[in-house]
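Novice: The structure follows.
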């Protein structure tokens, strides 16, 4: 299982980076494609229980804002306080990824955001 979770972590990081790059370019097709891949990966991480959650917690600390934002968003259901701290920090840095993080926080706090 360890090799499997390492592979899932690497795939998640790659897809989150691609998601962020496409989002910043305004390439919605590629953004959506990578979002769909991330959704599948999160479902697989959930089947790993605490190991999957640990991966997302670790990725919330990634040096890439895109990776950290995606991981924080997917961690909201089980690590809300830490995830909101990460998202708030990214939001304060500004830019398009910061705007996305800010919007995620607002939607989560309003109860309009459901994490798959």
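The values are calculated or read from the model by the stated rules, or taken from the named source; none is laboratory data. Here the structure is a predicted model, which means the values were calculated and not measured. Counting neighbours? That spans all protein chains shown, and the Cβs are built from the backbone with ideal geometry, glycine included.
Novice: Does residue 114 fit the bill of being out of contact with any helix residue (DSSP H, G or I) (no Cβ under 9 Å at 6 or more places or on another chain) and on the phi < 0 side of the Ramachandran plot? Show your work before the answer.
Specialist: Values: out of contact with any helix residue (DSSP H, G or I) (no Cβ under 9 Å at 6 or more places or on another chain): yes; on the phi < 0 side of the Ramachandran plot: yes.
Against the criterion (out of contact with any helix residue (DSSP H, G or I) (no Cβ under 9 Å at 6 or more places or on another chain) and on the phi < 0 side of the Ramachandran plot), residue 114 qualifies.
Novice: Pick out the one residue from 71, 16, 54, 83 that is surrounded by fewer than 18 Cβ atoms within 10 Å (Cβ to Cβ) and within 14 Å of the chain's Cα centre (by Cα). Steps first, answer last, please.
Specialist: Values: 71 fails: surrounded by fewer than 18 Cβ atoms within 10 Å (Cβ to Cβ); 16 fails: surrounded by fewer than 18 Cβ atoms within 10 Å (Cβ to Cβ); 83 fails: surrounded by fewer than 18 Cβ atoms within 10 Å (Cβ to Cβ).
Only one candidate passes the filter, namely 54.
Novice: Still on this model: Taking residue 26 as meeting all but one of (1) exposed (fewer than 15 other Cβ atoms within 10 Å of the Cβ); (2) touching a helix residue (DSSP H, G or I) at 6+ places or on another chain (Cβ under 7 Å); (3) free of Cβ contacts under 8 Å to residues at least 60 places away in the same chain, write down the number of the exception.
Specialist: So residue 26 meets the others, but not (2).
Novice: Further, regarding this structure: Which members of region 65-116 meet the condition of being in a loop (DSSP other than H, G, I, E, B), touching a residue at least 24 places away in the same chain (Cβ under 8 Å) and over 20 Å from residue 19 (Cα atoms)?
Specialist: First, the residues of region 65-116 that are in a loop (DSSP other than H, G, I, E, B): 76-79, 94, 111-116.
Filter once more, so that each one left must be touching a residue at least 24 places away in the same chain (Cβ under 8 Å): 76-79, 113, 115-116.
Within region 65-116, 77, 78, 79 meet the criteria.
Novice: For region 1-30, give me the residue count where each residue is outside any helix (DSSP H, G or I) and either farther than 18 Å from residue 50 by Cα or touching a strand residue (DSSP E or B) at 6+ places or on another chain (Cβ under 7 Å) (or both). If you could, list the steps in order and put the result at the bottom.
Specialist: Step one: filter region 1-30 for residues outside any helix (DSSP H, G or I), giving 1, 26-27.
Narrowing the set further to residues that are either farther than 18 Å from residue 50 by Cα or touching a strand residue (DSSP E or B) at 6+ places or on another chain (Cβ under 7 Å) (or both) leaves 26-27.
Counting residues in region 1-30 that are outside any helix (DSSP H, G or I) and either farther than 18 Å from residue 50 by Cα or touching a strand residue (DSSP E or B) at 6+ places or on another chain (Cβ under 7 Å) (or both) gives 2.
Novice: Can you tell which of 5, 31 is touching a helix residue (DSSP H, G or I) at 6+ places or on another chain (Cβ under 8 Å) and at pLDDT below 95? It would help to see each step written out before you state the result.
Specialist: On the way: 31 fails: at pLDDT below 95.
Answer to the check: 5.
Novice: Surrounded by fewer than 18 Cβ atoms within 10 Å (Cβ to Cβ) and in contact with a helix residue (DSSP H, G or I) (Cβ under 6 Å, 6 or more places away or on another chain): is that true of residue 78 in this structure?
Specialist: Considered against the rule, which asks whether it is surrounded by fewer than 18 Cβ atoms within 10 Å (Cβ to Cβ) and in contact with a helix residue (DSSP H, G or I) (Cβ under 6 Å, 6 or more places away or on another chain), residue 78 comes out as yes.
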